[in-house]
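Read the structure below first, then the notes.
The values are calculated or read from the model by the stated rules, or taken from the named source; none is laboratory data. Only a predicted model underlies this, so the values are computations on that prediction, with no experimental measurement involved. No Cβ is skipped: glycine too gets one built from the backbone with ideal geometry, and neighbour counts run over all protein chains shown. Areas reflect the complete protein model, heavy atoms only, side chains present, ligands, DNA and RNA absent. Shrake-Rupley method; radii C 1.70, N 1.55, O 1.52, S 1.80 Å.
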Amino acid sequence: ELSSLNANVIQAYAAADFTAVVHLLPDYCAAELSSFYLDIVKDRLYTEGADSYERRSAQTVLWYILDTLTRLIAPVLSFTAEQIADHYQKGARSSIHLQPFVDPKKLHEFCQPEGERLWPTLPRIQTGFFIDVRYNVERQEKDLAYASLWQTLKDIRSVLLKAIEIEREKGLIKHSLEASVTAYIDPVKFNVLKDFFEALKAQGQSPEAFFKEFLIVSNFTLVSTREGLPHSTDEGIAVQVVHAPGNKCPRCWQWDVTDNPDHLCRRCMRVLNL
């Protein structure tokens with residue numbers, strides 16, 4: 001999404017389409033950052049070890065987001081961009097207004113590092129920025145497949161969050177972190193998830209751990225049959241939401257069953273070396 005935003009905003013500037021610029025930027029910040037990515041990763045930023053892979057990887061992505069957005073807003077939010085740059089570009093030799101936009105080609109390759117680089121030579125405008133982000137069919141197909149996967153994941157997330165919201169309205173839980181979710185996701189209807197789950201396992205992460213963070217819940221269990229589970233708003237998904245067992249961790253607010261006298265969860269005990 002960041003790669004797409006960067007290319008589209010640069011192209012809008014080149015076309016002097018400033019209306020598009022002032023729509024694209026806040027839409028991205030509201031929909032992709034505030035209500036989605038930032039909401040999910042704040043847990044690892046607050047609670048994982050300072051030098052942990054999880055926290056450092058999120059910080060890396062956030063730095064690229066900050067740097068890209070600061071350059072994109074500079075022509076229209078000049079003072080704001082300058083103040084932001086002064087904080088994260090310590091000792092910079094030039095103003096943010098003398099720095100180029102982030103190269104769309106390089107940003108795209110960073111955002112999707114897997115596979116072969118299949119970019120053609122891109123035309124430039126006088127300022128030297130890439131504005132025409134055409135790429136060949138093979139690269140486009142990979143990008144579309146990647147976008148389709150994440151749209152599927154977001155659709156599944158919406159269904160599961162709706163199930164959590166229903167229990168919240170009943171008073172069973174007050175916050176998603178109080179929820180323990182058991183779900184059946186039809187492998188035929190959502191066959192795009194098969195390769196995704198295998199990729200997760202290859203990286204040492206389980207689908208359950210992914211969905212636990214993706215939904216911001218304390219427990220998530222993925223089962224192979226819908227038997228005994230209530231229906232959801234999607235015929236391919238059955239889900240049951242109950243209050244998570246154990247006690248609320250005072251450090252991360254997740255619920256867990258532990259013997260710690262202060263009710264610290266197992267993750268926080270690991271981070272604190274207890």
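Going by a ≥ b ≥ c, the root eigenvalues of the Cα gyration tensor, does the range 183-274 fall in the rounded group (a/c under 1.5), the prolate group (a/b larger than b/c) or the oblate group? Oblate shape, in that a/c is at least 1.5 and b/c is the bigger or equal ratio.
Only protein atoms count toward the accessible area here, which uses a 1.4 Å probe; on the range 1-78, the carbon and sulfur part of that area reaches 57 percent. In this structure, the amide hydrogen of Phe220, modeled 1.01 Å from its nitrogen in the peptide plane, lies closer than 5 angstrom to those of Val181, counting only residues at least 5 positions away or on a different chain. Label-to-label distance for Gln205 and His23 is 3.3 nm, based on points extended 7 Å past Cα in the beta-carbon direction. Over the chain, Cα pairs under 8 Å with separation of 6+ residues give a relative contact order of 16 percent. Taking a ≥ b ≥ c as the square roots of the eigenvalues of the alpha carbon gyration tensor, the range 44-99 is prolate, as a/c is not under 1.5 and a/b beats b/c. For Tyr64 and Asp186, the FRET efficiency from 1/(1 + (r/R0)^6), where r spans their Cβ atoms and R0 equals 45 Å, is about 0.80. Taking every DSSP beta bridge that has both ends in the chain, the antiparallel portion is near 70%. In the elastic network of the chain, a GNM with C-alpha springs shorter than 10 Å, the most mobile of Asp67, Asp86, Asp43 is Asp86. By the rule of a second cysteine Cβ within less than 4.7 angstrom, the chain holds isolated cysteines at Cys29, Cys111, Cys252, Cys268. Using 0.36 nm per residue and subtracting the Cα-Cα separation, the extra length available between Ile40 and His175 on full extension is 47.2 nm. Not counting the cut sites, what is the longest span of the chain without trypsin sites (Lys or Arg not before Pro) that DSSP labels loop and that have at most 13 other Cβ atoms within 10 Å? The answer is 1-89. Each stretch of four or more DSSP H residues adds -39500 (n - 2.57); spread over every residue of the chain, this sum gives -15500 deg cm²/dmol at 222 nm. Counting only protein heavy atoms and a 1.4 Å probe, the range 24-84 has 55 square angstrom of accessible area per residue.
The Cα-based radius of gyration and maximum Cα-Cα distance (Dmax) for the chain are 21.7, 65 Å.
Shown in residue order for the range 68-78 are the 3J(HN,Hα) couplings computed by the Karplus curve 6.51 cos²θ - 1.76 cosθ + 1.60 at θ = phi - 60°: 5, 5, 4, 5, 6, 7, 3, x, 10, 10, 4 Hz (x for Gly and Pro). When a 1.4 Å probe is rolled over the protein heavy atoms, the share of accessible surface on the range 147-274 that falls to carbon and sulfur comes to 52 percent.
Counting only lysines at least 8 places from Lys162 when in the same chain, those with an alpha carbon closer than 28 Å to its own are Lys42, Lys154, Lys170, Lys174, Lys189, Lys194, Lys201, Lys212, Lys248.
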